[in-house]
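Read through the structure below, which is laid out as structure tokens, and then see the notes.
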Amino acid sequence: MPSEIVVDCPHCAVRVKAKVNTTITNADHNTYFLAQCPSCHSPLFGYTSPYQDEWGNWVLDTAERLWPTPSVAEIGPAIPEAARCDIRDAQKCISHGIHSAAAVLCGRALERLIKEKVGNHTISKGLVELKAQEVIDQRLFDWAEALRKERNIGAHASDEDTTKENAQDILDFTVAIFDYVYTLSDKYEKYIARKSATSAKTTD
């Protein structure tokens, strides 16, 4: 296996070519590795998939970091693909220190949710409508209102910068609201359907 791998270092906030210390490949051909950042010397653990280049040499694809802090958080399959792409891109922006862009991408994902659930609205009016229709609860609405203002700093000309911490908060909220609206709702509906089916069988 190659002695180096391309992976995002969260400490340096850049993509680095890290020295690979050890690898393990599972039955699905995913290669898990322990590597070291050449700049800050921090350990990096993640996974990738090997492929053969045009000369027949085995090469490790660009890796996904699993530790410290996953480079791409788990996004439920119930979330629409376009929004999942926005969230993934926002995660990558944070990994590379592009915090304003991450905030803008999260805002775009939220706009997609609002358009699908309550029609064409601004984020502000859309959140009010989501709460009115009980798609989200009061706590999510309050959090959304606070972070909506942070997102606006990244989306519009301003003397304020979007900090790493604020960008991460916006991303965390975006993942949370999508999980609440799509993933948890999907699980709840499946639970109700299963309980109803069980009750019907018991009645029979």
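What follows is calculated from the coordinates using simple rules that are stated; it is not laboratory data. Just so it is clear, the structure is predicted and the values come from calculations on it, not from any experiment. Here the Cβ positions follow ideal geometry from the backbone for every residue, glycine too, while neighbour counts run over all protein chains shown.
The table below lists the values:
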| quantity | calculated |
| --- | --- |
| About the Cα centre, charge dipole magnitude for region 31-139 (Lys/Arg +1, Asp/Glu -1 at Cβ), debye | 440 debye |
| Estimated FRET transfer efficiency (T163, C40; beta-carbon r; R0 25 Å; 0.05) | 0.75 |
| Point-to-point label distance, N120-S199, nm (Cα→Cβ direction, 7 Å offset) | 4.1 nm |
| More than 32 Å apart - percent of Cα-Cα pairs taken over the chain | 34 percent |
| Rg to Rh quotient for region 81-199, alpha carbon positions, Kirkwood Rh | 1.04 |
| Gaussian network model of the chain, Cα within-10 Å springs - most flexible of T22, T48, T174 | T22 |
| Residue among W67, W55, W143 with the largest mean-square fluctuation in a Gaussian network model of the chain, springs linking Cα atoms under 10 Å | W55 |
| Residue of E64, E116, E54 that the Gaussian network model of the chain assigns the largest fluctuation, springs spanning Cα pairs under 10 Å | E54 |
| Dipole moment magnitude, nearest 20 debye, the chain about Cα centre, only Lys, Arg, Asp, Glu C-beta charged | 340 debye |
| P(r) tail fraction, region 1-53 - alpha-carbon pairs more than 12 Å apart, % | 60 percent |
| Net lengthening on full extension, A176/N26 (0.36 nm per residue, minus Cα-Cα) | 50.9 nm |
